[in-house]
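The next block holds one structure in the form of structure tokens; read it before the comments.
The values are calculated or read from the model by the stated rules, or taken from the named source; none is laboratory data. Since this is a predicted model, take the numbers as computed values, not measurements. Don't worry about glycine lacking a Cβ; one is built from the backbone with ideal geometry, like all the others, and counts go over all protein chains shown.
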Amino acid sequence: MIPLDPIDRQLIEALQKDGRASYADLAELVGLSAPATRLRVQRLLDAGVVQVVGVTDPLALGYPVMAALGVRVERNVRAVADQIAGIEGVIYVVFTSGSFDLLVEVLCEDSARLLAVIDDEIRSIPDVRSVESFTYFGIHTHRFVWGTR
């Protein structure tokens, strides 16, 4: 973890709004030269504080079926998570506390593929005790701007 000063926070906020902003535009915003700004941004990238990526829209790419899966595991939760992470369409796997050991987010081209992911692939993994699915009807909020205050 690196300490963030107000200029770092301004740069992060600007990149969250437009990851393709030029160093000249960012420099003008924070009051530094473009080379100094580039060094600041590179430091944030190198430290893993910021990643500049293209965010896709699953619907536009032909993946209208989205679901969160609650997975209960008998033992070896890390090994099960590794296997689930390798399944096509799985985009997110987290360890949790509470009634599920893992939460898994999956994108599918149709309901048949979602059923195959759950029934054929996840339930066939040794140590998976149960899977509960929560199919999305739509995404209400999807934020990429946070963490700078």
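Brief remarks on what is shown
- Set Val71, Val53: member being aliphatic (A, V, I, L, M), closer than 30 Å to Leu103 by Cβ and out of contact with any Asp or Glu (no Cβ under 7 Å at 6 or more places or on another chain): Val53
- Residue among Val94, Val73, Val53, Val49 that alone is on the phi < 0 side of the Ramachandran plot and over 18 Å from the mean Cα position of the chain (by Cα): Val73
- Test: Val117 is touching a strand residue (DSSP E or B) at 6+ places or on another chain (Cβ under 7 Å), touching a residue at least 24 places away in the same chain (Cβ under 8 Å), in the same structural domain as Val73 (by TED's automatic domain parsing) and outside any helix (DSSP H, G or I): no
- Count - residues of the range 17-70 that are closer than 19 Å to Thr141 by Cα, touching a Ser or Thr at 6+ places or on another chain (Cβ under 8 Å) and surrounded by 16 or more Cβ atoms within 10 Å (Cβ to Cβ): 4
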